[in-house]
Amino acid sequence: MEPTDKQKLIMLPGPTNVSERVMKAMLGPIINHRGDSFRELYKGVLDKTRRLFQTEGEVVVFSSSGTGGVEAAVWNLIRPGDVAIVPVFGEFSTRLAETVEMAGGKAVRVTSEFGKVPTLDQLKAAMEQQGRYKAMFLVHNETSTGVAVPYVEAATKLARDHGAFSVIDAISSLGGYAIPVDKWGVDVCITGSQKCIAAPPGLALLSVSRGVVDFLKSSPPKTRYFEIPRYIEYGSRGETPFTPALPLVYALDEALNELLEEGFEKRVERHDRMSALLYDGLANMGLKPVAERSVRSRTVVASYYPQGVDDAKFRKTMAHDRGVVIAGGFGPFAGRVFRVGCMGQINEGYVTTTLKAIAETMAGLHN
Ligand SMILES: Cc1ncc(COP(=O)(O)O)c(C=O)c1O
């Protein structure tokens, strides 16, 4: 593919490349969101979203980015004074702990160095020490460092054994990983349209367990836009409480069709295979990944720069001269790390193009 200004290869950890089929779906007509056509469309979207989360329970779609989904989970579950266990090991888990505090909760942080993952034993110890707590909020895939938590199911079980809710931020992973929420007993799982689902940015998708639905009946949340019970009530008749981002709903519908046509297992396996190619290709260039092998993410590949490569110059040259857009590092990794998304439409052609661009750009900058 010869990249043009308009159509660069988007190898960011979201948003990611969107197929022409999904882009074209957004040209559907503006229709009444209280009419039959929308109801039919939206019921289909909710059914397909259930299949994404592998749930028979409730699902909710917000016209918001992923952060809205996280905010919704926190404000629906946390009441002033509630304690939440929050593993913190990067930018997004840090934000999650802060969001719990903004809602008046107490966040018990279980920390590790950024680039690593707190151990399950650490988490278990924190839970046991706390005894009673309202929920565990766990980021599955720390997009800021390229690590994935390998024990989501076990952590969820621990929370349940303590009578607490489990909330999983799978914004940058669901679709590249499977999180079967019913089987694992996840209470709320959150993802975003712009990552492994390969739709445009702008929608947050959540699964909601029966336990959460019951809790919300007895304790209505103090939020209007993100009021989960209201979305569930309207969703049951194929509507949204507020005006939906209609073109994005068309796009999500088509992106979920693509995903289901490919098959979940095949898609997960493809993400795994493509990320292995990326890690191998970078290792062949002598580059060191941020994550240890046991926790390296299959959807976000983060690598240290070799000595002497300027981050801003490197990424600018990649984008402008090679047409490949990648991301830099966050916080302590800013300037030292670059990140490559391995999401959605990822295929061998994209991987090869990206690795070649990285190798040639680095060689050019060293001259
Ligand atoms: C793990 C995680 N949580 C939350 C977010 C926030 O999502 P958004 O930027 O769509 O609001 C992101 C975005 O990259 C993410 O990767």
Of all residues in the range 127-147, which are within 15 Å of the ligand (Cβ to nearest atom) and under 20 Å from residue 75 (Cβ atoms)? 137, 138, 139
When only residues in the range 299-356 that are at positive phi and assigned to a loop (DSSP other than H, G, I, E, B) count, which is surrounded by the fewest Cβ atoms within 10 Å (Cβ to Cβ)? 308
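From the list 34, 51, which one is of a type in the set (Lys, Arg), closer than 17 Å to residue 240 by Cα and either surrounded by fewer than 17 Cβ atoms within 10 Å (Cβ to Cβ) or under 16 Å from the mean Cα position of the chain (by Cα) (or both)?
34
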Any hit, the range 270-283, residues being under 29 Å from residue 41 (Cα atoms), out of contact with any Ser or Thr (no Cβ under 8 Å at 6 or more places or on another chain) and not hydrophobic (A, V, I, L, M, F, W, C): yes
Residue 196 part of a loop (DSSP other than H, G, I, E, B), within 20 Å of residue 295 (Cβ to Cβ) and either modelled with pLDDT of 95 or more or among the acidic types (Asp, Glu) (or both): yes
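Output the strands (runs of 3 or more DSSP E) that fall wholly within the range 36-126 and possess 1 or more residues being away from the ligand (no atom under 16 Å from the Cβ) and in contact with a Lys or Arg (Cβ under 6 Å, 6 or more places away or on another chain), or say none.
So the answer is 58-62, 83-88.
For the range 164-193, how many residues meet the condition of being touching a residue at least 40 places away in the same chain (Cβ under 8 Å), more than 10 Å from the ligand (Cβ to nearest atom) and outside any loop (DSSP other than H, G, I, E, B)? Outline the logic, then answer.
Taking the range 164-193 and keeping what is touching a residue at least 40 places away in the same chain (Cβ under 8 Å), we get 164-165, 167, 169, 171-183, 187-193.
Then drop every residue that is not more than 10 Å from the ligand (Cβ to nearest atom), which leaves 164-165, 167, 174-183, 187-189.
Still in the list and also outside any loop (DSSP other than H, G, I, E, B): 165, 167, 174, 177, 181-183, 188-189.
So the count comes out to 9.
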Using beta carbons and a limit of 8 Å, which pairs, at least six apart or on different chains, have the first residue in the range 334-351 and in the same structural domain as residue 276 (by TED's automatic domain parsing) and polar (S, T, N, Q) and the second one modelled with pLDDT of 95 or more and not in a loop (DSSP other than H, G, I, E, B)? 347/270; 347/274
With respect to residue 214, determine if the residue is exposed (fewer than 15 other Cβ atoms within 10 Å of the Cβ), assigned to a helix (DSSP H, G or I), not polar (S, T, N, Q) and not assigned by TED's automatic domain parsing to the domain that holds residue 105. no
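Taking the stated definitions as given, is residue 232 more than 16 Å from the ligand (Cβ to nearest atom) and not small (Gly, Ala, Ser)?
Numbers: more than 16 Å from the ligand (Cβ to nearest atom): yes; not small (Gly, Ala, Ser): yes.
So residue 232 fits the description; yes.
Conditions (1) within 19 Å of the chain's Cα centre (by Cα); (2) not acidic (Asp, Glu), marked per residue:
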position: 230; (1), (2): no, yes
position: 251; (1), (2): yes, yes
position: 265; (1), (2): yes, no
position: 278; (1), (2): no, yes
position: 283; (1), (2): no, yes
Among the numbered criteria (1) in a helix (DSSP H, G or I); (2) outside the structural domain of residue 92 (by TED's automatic domain parsing); (3) away from the ligand (no atom under 16 Å from the Cβ), which single criterion is violated by residue 287? (1)
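Listed residues 90, 69, 115; which is under 23 Å from the mean Cα position of the chain (by Cα), surrounded by 22 or more Cβ atoms within 10 Å (Cβ to Cβ) and modelled with pLDDT under 95?
Going through 90, 69, 115 in turn, the sole match is 115.
The values are calculated or read from the model by the stated rules, or taken from the named source; none is laboratory data. Just so we're clear, the structure is a prediction, and the values are computed from it rather than from any experiment. As a convention, Cβ positions derive from the backbone with ideal geometry for all residues, glycine included, and neighbour counts pool all protein chains shown.
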